[in-house]
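A short write-up of the structure that comes next.
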Amino acid sequence: MTYKQCLDFLYSQLPMYQRDGSSAFKKDLTNTRALCEALKNPQDQFRSIHVAGTNGKGSTCHLIAAILQAEGYKVGLYTSPHYFDFRERIKINGKYISKQAVRGFVVRLEQRILQIEPSFFELTVAMAFDYFGRNKVDFAVIETGLGGRLDSTNIVTPLISVITNISFDHQSMLGDSLPLIAGEKAGIIKEGVPVVIGESSEETDFVFIQKARQVGATIFFADDLIAVSNETWAHNHLTIDAELLNKDSLYRLQIGLVGQYQLLNIKTVLAALHVLCDSTGLHLSEDAIRNGSSQVVRLTRMQGRWQKLREKPLVIADSGHNPSGLSLTMKQLETMDKGTLRMVFGVSKDKTYDEMLAILPKDALYYWCAADLPRSLSAFDLKQAGARFALNGAEFSSVEIALRAAISDSQMDDLVFVGGSSFVVGEVLMLLL
């Protein structure tokens, strides 16, 4: 098989959440274990850091990976979904898995795949673990997909578990209350493995404390370890003072990411790395923390988080795709000087999109669109829903046409924002990068 034939096989033969939604979600680790057993359990061949949570998982994973890379380690990074290149999901030191490695994996496992009939996600997790094991990474930073307890990545026994935060998303699969969702995320907490919780909440802290006590894991809350202050924003970075509370140490850090929500993520990252060093004896220099934080995009090829795609008009894409994530992004938009705000916006139909529409700015012009996936809500239906919230705009037959119209309509000082769905962002990245 050629590389393209391998991708066609993966996309066409296997249920894929990105395309099919909840029907592709397998509530069971059997398939992943069977695949990894056929590969001689590569997940046991490297040290890992396992990250779950509702929002901020991707940024947290990329920042941790970048800091470890800056210290000189060989670091595997597994994230999802991809924006426009399948290989974005599996990287070592920022370099995508090779097409030859993807092809080799599929050819080697083809018969076993046909027997097991795994989901697309189950297969990509096994591919990542196999690739990291074969390439003898020093660390692998692993992002969960949905939930945690039954997520395919949850066959690792990491050095540390990290849970960024809890808010509403994927309720049909994870539960319709914050404690229920937290219970699913808490499933990554394992016996004897320390866990760091990025954001404290009266509604969910008890879930994590109870789970940690049940399995004998030491639990830490980032707020108790790290204080962040004196933040200032530039067009392409964020500068903060970060204080390590129990050691009375203060860092002035430049973070190579923009967005107010990154304040929460960097606190989680610094807390996680502090606990990792304390629990394993690992040493991370101040230079590695500084350089990794400032060079995260270059070191890891991170995409889709408050990403500036062009100037005049300014085009910014952000992959926040649930009410809590989008709310933080909208607060960031409010702080920006701009002429007319033009929103190229699409959502998945299995999301609570009414709650998302309720927090969108009413003074913007909307370019409603749908990503080229069955899961996408049609531009017509989205326009109708937007009208209920006094959001004015027009529907477009594709993301590309919507984007080109927004840019064409803009004056030089206008701002075009692209968001609502990771898949809309992915189509725009493919057009503008």
Within the range 54-75, can one find any residue that is of a type outside the set (Asp, Glu), modelled with pLDDT of 95 or more and either surrounded by fewer than 17 Cβ atoms within 10 Å (Cβ to Cβ) or at positive phi (or both)? yes
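Out of everything in the range 260-278 that is over 20 Å from residue 49 (Cβ atoms) and in contact with a Leu (Cβ under 7 Å, 6 or more places away or on another chain), what residue ends up being surrounded by the fewest Cβ atoms within 10 Å (Cβ to Cβ)?
Top of the filtered list is 260.
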Subset of the range 252-282, residues free of Cβ contacts under 8 Å to residues at least 12 places away in the same chain and of a type outside the set (D, E, K, R), comes to 277, 281, 282
Anything in the range 100-119 that is closer than 16 Å to residue 30 by Cβ, part of a helix (DSSP H, G or I) and within 27 Å of the chain's Cα centre (by Cα)? List them, or say none. 113
Residue 362 - would you say it is of a type in the set (Lys, Arg), in a loop (DSSP other than H, G, I, E, B) and modelled with pLDDT of 95 or more? yes
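Condition check ((1) in a loop (DSSP other than H, G, I, E, B); (2) surrounded by 17 or more Cβ atoms within 10 Å (Cβ to Cβ); (3) modelled with pLDDT under 95) across all residues:
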| site | (1), (2), (3) |
| --- | --- |
| 88 | no, yes, no |
| 123 | no, yes, yes |
| 136 | yes, no, no |
| 149 | yes, yes, yes |
| 169 | yes, yes, yes |
| 172 | no, no, yes |
| 182 | no, yes, yes |
Report, by residue number, each residue of the range 45-64 that is more than 19 Å from residue 194 (Cβ to Cβ) and in a helix (DSSP H, G or I). 58, 59, 62
Any residue at all in the range 373-391 that's in contact with a Gly (Cβ under 7 Å, 6 or more places away or on another chain), in the same structural domain as residue 338 (by TED's automatic domain parsing), under 26 Å from residue 311 (Cα atoms) and buried (at least 16 other Cβ atoms within 10 Å of the Cβ)? no
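The values are calculated or read from the model by the stated rules, or taken from the named source; none is laboratory data. Since this is a predicted model, take the numbers as computed values, not measurements. Cβ atoms come from the backbone with ideal geometry, glycine included; neighbour counts cover every protein chain shown.
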